[in-house]
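Below is one structure, written out as structure tokens, with a few remarks after it.
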Amino acid sequence: MDLSIILTFLIFGLPLAGFPFVIGVGFVKKNYSMYLGTSLIFISFLISLYVMFTYTVKGILLQYSFNWLPSLPAIIPLGVYADNLSMIMALMVSFVGFLIILFSVGYMKEDPNRHVFFGEMVLFTSSMLGLILASSLLMLFIFWELVGLCSYLLIGFWYYKPNAASAAKKAFIVTRVGDVFFIAGIGAAILYSSGGALSVAGLGSIHLMWQKTIVSLLLFGGAIGKSAQFPLHVWIPDAMEGPTTVSALIHAATMVTAGVYLIARTYTIFTPVSLSVVLYIGVVTIILSGLIGLVVNDIKRILAYSTIGQIGYMVAALGLGLGATSIGLSIYQLEAHAFFKALLFLAAGSILHAVMNVRDINKMGGLWKKMPITVTSMFVGALALSGFPGLAGFFSKDSIITASYGVSIFVWALLAIGGFLTTLYAFRMFFKVALGKPRSNAAEHAHESSWIMLIPIVILAAFSVIFGIFQQGFYTFLNPASVVVPLGIAPLKLMDFIPVILMLLGMGLAYYVWGRNSTIPKTVANGAQDFYLLVKNKFYLDVFFTNVIAERGILGLSAVSDGFERRAIGGLVNLSGDVFENSGKILRKIQTGLARQYVLIILIGLILSLLLLRILMGV
Amino acid sequence: MMFQLSYLLLALVLIMVASMVAREKTARYLTVLFAALVFVFVISNDMTMTTFAYGTLSILTLTFQLNFVSSVLLLLISFVGVFVPLRYASSPGFFVLLQFLLFSLVGLFTTRDFIVFYIFWEMVLIPSFFVIGIWGGPSKNYAAMKFFIYTHIGSVFMLLAIFTMYFTEGASSFAMSTLTAGMNVVPVSYQAFIIFGFLFAFLIKLPSAPLHSWLPDAYVEAPSEGTVFISSLLSKMGAFGLLVIFSPIFMASSFAGNSAVPIALMALGIFSLIYSALVALYQKDLKRMMSYTSIGHMSFITIAVGGFLYLNGTNPLDSQLLYYGAVFQLISHGIIISMIFALVDTLEKTAGTRSIPSLGGLARQLPALSFLIIAAFLASVAIPGFSGFVGEILILLGSFAVLKYYLIFVLIGVVLTASYHIFALQKTVFGPYNEFLGNIKAKREELLVEILPLALIFLLGIYPALIFHTFNIHVIQFLGGIH
């Protein structure tokens, strides 16, 4: 095996093999786990950097597969496939993952189970890296499931909280619903290509259009679950019960981006039909999450809804169907989002650390003065999230909005409105946190966090600011055929200013409504009460899934089945037993012990059998 | 030099005799030796297809065969033979019965004669019956009787089917190869009866809903050591029957291309999967809930066999995915379910209850036990990295070729299965600790033994090639038996 291949394997293999040791050394001294875990991911990052600049930028495609299940004629390949797309993802995941784990060193330093926490974080990051570098759909699925498993364990990390245990369960089951579509998709790919399409390189061996549509839609079903798109987004707000760094990792680097990556990876099999499904799911998700984000008060849940929305932009960008350009737009948004979302979550984590984990933004306020570095970074994050000109989010998101204009004006309008909503909820959150007077005792006594938590925040803030300059290079690196012209350089049309104007309007409106003491929110809520309730109740989707499907539907069916099991099936078996027992009791009465009765019975039997013989044989 | 099966069987009988006359704990350690011998036998025959012919005895043909399915099952036997004595310090009588059962299973999985097969099939019932009846829970007599009579009804139909084959073909022996190959001369109505007879026996033993009602009672009432071997080995009899006895008979019959029976099998498998998951979701007793897991896992075998017979060799790739998946599922399920029931036993002894509502938050008080329970449950949910994944994913992938959109029902079953496992974890291991349980501690040695199945589950999950390299590529020819 070539050195390059070994190195590529090590990117995810090293932390994957190392995670048991991370937990293991924790039994010696808990802090060792933190150091080992952080360094493992850092080494991963260094290796990705090396592989990227030694091979990938020179246009060398690293590819290696071995047969996982010998004696199956169609081999089930496992291995690595490192092209520009996977390497740029790997670089981002290992880098952002490293920063988040570094932050956790400060954030989790008092938790008694931190060795387990760091072990799981390392496994989480390495699974995501494995998913990205996988050479076949099956291997991608294996790591896909491991990512899901880690999110389950980490969301439920504070297992003694009933909410956390229940959120972990919800995340597992909801993403599992998506996963089974993925399984069906792989099954379909095997059937339609005689196994050829199992490997990433062989996806082209599905030829017929309808077959491609089926496979791609099934795979997209998996992506919906993992990437928290409508209607399977319900797990992600609840998942906020885990430690904040976990949320940062889930939202920025791992897990939710997996679905987007899957679509980008298998983009060749997406047909116009499936792409339009992808597009509209993305658009619906953006609008939905933008509206819900406006009425939620939990700081982490606001960020969760913003993730759902931003992933929606990535999905919509892929759904635009512009070929390589779509992938460029989407992955660029993915990476920009990774930086500013990690930033926002870590800043939120820093704030929560300071205000004793009270997550209600109504109980914060005036924190800008108390935690200047954290809150200023959060301001940068909020600007980047809403797409303020010059920051990462502007280049990534507004490019998508601009590109959509050529596809459909309707989609363009919805995406622009989505951007407006994003600005509104981002700055609603920010103003409520940063301005005004502290509205609780905890906020009163907040103070700046330690340097180990601030360093990652500042680095991420810097990236959120400067990432925009890489846009052109990013597109051409990802695919030389990409035709996107970055904003700011292209000749601008009037249309392109509308998102920016909307964004500035949103900022101003947010300040006007939530930046000062005002009764406007209450007035609006009372004025449009029906709509407000609809949004406040998250369009009743949670209620529908939890109360109707799970509790009424499944549990009801389950109760019925249990009754059927005990009464009908169990009853029938016992009944048949009783029949034999009772017939035995009745027949026993023939056994009188009187010889003359026995002779009579013998005679009757003899006559009957002779008659029978005569009838049957004609003797 | 080949390790002859006759030597093995002789050695096993000697060990059994020694266990019977020996005192106290000797039987327990002899069981390990017993299992080790079986293991050495399989390994030394390189786990490839080997036939042992020892002539005939009156009308019985003493031909035995170690093929890839029986190799895998013999490995499972040796696992159970090591795991149970290490984990449980039961009375010597129990271990003699266990050895007797393992001996019968070695014979059952290797013989190539129908009557010998039937004899071993019935011999297995005896130790199971006594283990439930002697060491069982409160309603052990009811459970033992139900178990015995229920499965015996199945065997009767199998015996009738065997005789039907023998007499309608006018055969001179009960050798499986000749009787199976002669299926095409049997009148069609008799063929239907033969297929029904075998299917009925195997589906009861598997078990597949709605023929499963002996199982929850038997599993729950049996002592934990009994539950371990019954759940991991007895269900494999039905699966072995379907894969190695029933499939060739069906493929040699004139129903071969007919899709009615395969569709019925798949429908039954899907029903069994969903039904068992739904019932399990409602159970409050952890042991009872896990008995339904067994039904759910075994229904994948039914689906795989149905799909495999439906394809009838037209799609070699998917046929092999299904068949290999099913065989892998056998060993994987055997190990996982042993581990689960042993853990439930430890939990019951430690916490004093196995009722889900009275547990909760065990992760705080019993971290090691909780870790093991989580690992075993995740293996049972078929998370990658655990052996359960390999078998299940292969069957799911392969069955797309047959079921197409109907695969959605299997997938619903998969989600439901995951749901009740996760639900049970949430209520027992996670959540706030139930302070009424007090300050409890699990026995260290009991937990240490669990490392054996856990290591095997990991090993097979990460490196399934250990088992897979033994698989014979020509499944279809192997089954047809006519090549």
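In whole angstrom, note down how far apart the Cα centers of the stretch B:347-365 and the stretch A:175-221 are.
Centre-to-centre distance over Cα atoms comes out at 43 Å.
Below 8 Å, C-alpha to C-alpha, sequence gap of six or more: please give me the relative contact order for chain B in percent.
Result for chain B is 14 percent.
Compute the helix-to-body angle for B:114-135: its Cα long axis versus the longest principal axis of chain B, expressed 0 to 90° and rounded to tens.
It is inclined by approximately 20 degrees.
Would you mind getting the Kirkwood hydrodynamic radius of the stretch A:1-126 from its Cα pairs, rounded to one decimal in Å?
For the stretch A:1-126, inverting the mean 1/r across all distinct Cα pairs yields 15.5 Å.
Students often get this wrong, so check it: of A:Lys369/A:Lys432; A:Lys161/B:Lys287; A:Lys58/A:Lys341; A:Lys109/B:Lys441, which have C-alpha atoms separated by over 22 Å?
Violating the 22 Å limit, Cα to Cα: A:Lys161/B:Lys287; A:Lys58/A:Lys341; A:Lys109/B:Lys441.
Where does each of A:Thr325, B:Thr31 land when they are ranked from fewest to most other beta-carbon atoms within 10 angstrom?
Going from least to most buried by this count: A:Thr325, B:Thr31.
Just the ratio, please: alpha-carbon radius of gyration of chain A over 2.2 N^0.38 Å, N its number of residues.
Dividing the Cα Rg of chain A by 2.2 N^0.38 Å gives 1.21.
Which log10 I(q)/I(0) values, to two decimals, does the protein assembly as shown give at q = 0.06 Å⁻¹ under the Debye formula with one point per Cα?
-0.51
Expressed as a whole number of Å, what is the distance separating the alpha-carbon centroids of the stretch A:140-170 and the stretch B:1-71?
The stretch B:1-71 and the stretch A:140-170 have Cα centres separated by 46 Å.
Take peptide B:383-395, look around each residue's Cβ out to 10 angstrom, count Cβ atoms belonging to other protein chains, and average those counts.
Averaged over the peptide's residues, the number is 4.
Averaged over all directions, how much area does the convex hull of the C-alpha atoms of the stretch B:257-483 cover when projected, in nm²?
12.5 nm²
Extent of the stretch A:502-619 along each principal axis, from alpha carbon coordinates, in Å, largest to smallest?
Cα extents, longest axis first: 111, 36, 20 Å.
Can you put B:Tyr282, A:Tyr160 in order of Cβ neighbours within 10 angstrom, beginning with the fewest?
A:Tyr160, B:Tyr282
Using only the Cα atoms of the stretch B:43-186, what do you get for the radius of gyration and for Dmax, in Å?
For the stretch B:43-186, the Cα-based Rg and Dmax read 17.5, 54 Å.
Name the residues whose placed amide hydrogens come within less than 5 Å of the amide hydrogen of B:Ser90, ignoring near sequence neighbours (fewer than 5 apart) on the same chain.
Here the answer is none, since no amide H 5 or more places off falls under 5 Å of that of B:Ser90.
Give me the percent of Cα-Cα pairs in the stretch A:310-521 that sit more than 32 Å apart, rounded to a whole number.
21 percent
Jot down the radius of gyration and Dmax of chain B, Cα atoms only, both in angstrom.
In order Rg, Dmax, the Cα atoms of chain B give 21.5, 71 Å.
Take the alpha carbon atoms of the stretch A:225-268, find their center, do the same for the stretch B:394-438, and report the distance between the two centers in whole angstrom.
What the calculation gives is 21 Å, centre to centre.
How big is the stretch B:135-182 by the Kirkwood estimate over distinct Cα pairs, in Å?
Averaging 1/r across every pair of different Cα atoms and inverting gives 12.9 Å.
Rounded to the nearest 10 degrees, what's the angle between the helix B:286-311 long axis and the longest principal axis of chain B, both from Cα atoms, 0 to 90?
Its long axis makes an angle of about 30 degrees.
What angle, in degrees between 0 and 90 and rounded to the nearest 10, separates the Cα long axis of helix B:407-428 from the longest principal axis of the Cα atoms of chain B?
That helix lies at roughly 30 degrees to the long axis.
Arrange A:Val315, A:Val180, A:Val246 by Cβ neighbour counts within 10 Å, fewest through most, would you?
So the ranking, lowest neighbour count to highest, is A:Val180, A:Val315, A:Val246.
Any read-out appearing in this document is the output of simple, stated calculations on the displayed coordinates, not a laboratory observation. Predicted, not measured: the structure shown is a model, and the values here were computed from it. Neighbour counts are summed over all protein chains in view; Cβ atoms, including those assigned to glycine, are modelled from backbone coordinates with ideal geometry.
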